[in-house]
Structure formats: C-alpha cells, structure tokens
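Data block below; observations after.
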Amino acid sequence: MGPKPSKSLGQRLMEWRPLVSIYESRFWRRSGLFARIAGIPFDQELATLSREARLEKARRVLDLACGSGIYTRPFAHRLAHGRVVGLDLSTPMLAQALRRSREEGCGNLDLVRGSALDLPFRSGCFDVVNCCGAVHLFPDVPRALAEIQRVLAPGGRFTAAVFRRGPSEREVRRAEQRERMMGVHAFSREEFEGRLADAGFVAARFPHEHGVWMLAAAEKSAEASV
C-alpha cells in the first residue's frame, strides 16, 4: 500500500479549529460577502436544495461532508419521522456538529466519521444524499460520485453545492490558480453534468449558477438496481 495522499490546503482548513468555530457565523458561511460571491444567501440556498431533494418525501438522508452540520440540522428538523446521517472526515467539524445538534435537540441525527470515497453504508439505503461545499475538495471525484450513487435507493435524489468555473479566459485562469493554491477544483456546468452522467445519474439540473458557486441536483434512475 502506497503513502496516503497529502491533504490540500482547502482540506486542512476544514480541520483548523479557528475556522471551524466561525464556519456557520456571519464571518464565514452566513456572511454577506459569501452571499455576494455566491450570488445567493445561505437560507435561500438551503431552501433551494431542500426543494430539489424533495425532503418531504424522504425518510433517510445522508449529509455527506456535513462539516458543522449547517445543512444536517435543518434537515433533521424537517424530517420529524425520518433519520439524518451526517458524515465528515474532519474530527473538529464533527465535534462542533455534535455540540450544536445536542443544543438544538436533534434526536433523529447521527454523526459518523468517514471518507466519501468509501461510504460505510449498505447499497440503496438513502432517499437523499446532500453534499455541499466539498465535492470540489475530493481527491477522486468519480469514485465519490459512484459511492453516492451506490448508497442511494432507486429514484433517490442527489443535491450539491460546488465551486463553479465560468467560461471566460479570466475565470478559467482564476480557477486554475485557486486549484494550485488551495486544492479546490472549480467545475464548469458541462464538466459537472458529465461527471454525474458518468456516475449513472439522470435528470441533472442546475437551479443556481453565479460567480464561483453552483447548485446541482440529479437522481438515481428508478429502474437502477441496488
């Protein structure tokens, strides 16, 4: 077995405790600056993803790379008769998610430490998989998408928020520079749509595309085998 690949700067930041402590605050994910850069406030993003995921029809939801639980806890509150699992590789993020979920009384939420490249769940066990702010950090995107597709039930929904690369030469150069510095890969719509299709997803759609941020949704075919 070869050496484990080194973590990118973007991945290491997700384990940096000062950032973890402010991740959900007005200084980071809920900041006005992030909303302007992404072209969408966080609450609107959450509502859009919840609609695309058709959460009202879900009973088992996986929030992949859940971080501090910024999406996980709202999902748990909405699934009064369902179960939500948050999975992340960052121990500091999971500790923050556990603390906040206890404060909010999320009794239907489980937290698991694990890798998106080898999900510790049986095939076909989730109605929805959500993954926001992380696909662009995964070292093997095709493998991660294949794992997501595997754990979804036939007809299950996948939602994501990823870094976006626009078509202009200037945007492409900035995206390439950001990837070299941070290890953050920005997707064009065409690239991400192709990745989804290669993993076996259908009905891909992009309810939001602005600046460096893109929301995407797709489904596992209802005829797909588990």
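Structural remarks
- Backbone HN-Hα couplings from phi across the range 26-41 [Karplus 6.51/-1.76/1.60, Hz, Gly and Pro as x]: 6, 8, 9, 5, 9, 7, x, 5, 4, 4, 5, 5, 7, x, 7, x
- Relative exposure of His185, His210, judged by other C-beta atoms within 10 Å (fewest first): His210, His185
- Antiparallel bridges, percent of DSSP beta bridges restricted to the range 9-220 (to nearest 5): 40
- Sequence-distant contacts, meaning Cα pairs under 8 Å at least 6 residues apart, place the relative contact order of the range 141-226 at 43 percent.
- Per-peptide average of other Cβ atoms within 10 Å, ordering 62-70, 76-84, 175-183 highest first: 62-70, 76-84, 175-183
- Kirkwood Rh and Cα Rg combined as Rg/Rh, the chain: 0.94
- The chain - mean residue ellipticity at 222 nm from DSSP helices (-39,500 (n - 2.57) per run, n ≥ 4, rounded to 500): -11000 deg cm²/dmol
- Spatial extent of the range 100-226: Rg and Dmax, with the Cα atoms as the point set, Å: 15.7, 49
Just so you know, all these numbers are worked out from the coordinates, no wet-lab data involved. For clarity, every value in this text was computed on a predicted model and none was experimentally measured. Cβ atoms come from the backbone with ideal geometry, glycine included; neighbour counts cover every protein chain shown.
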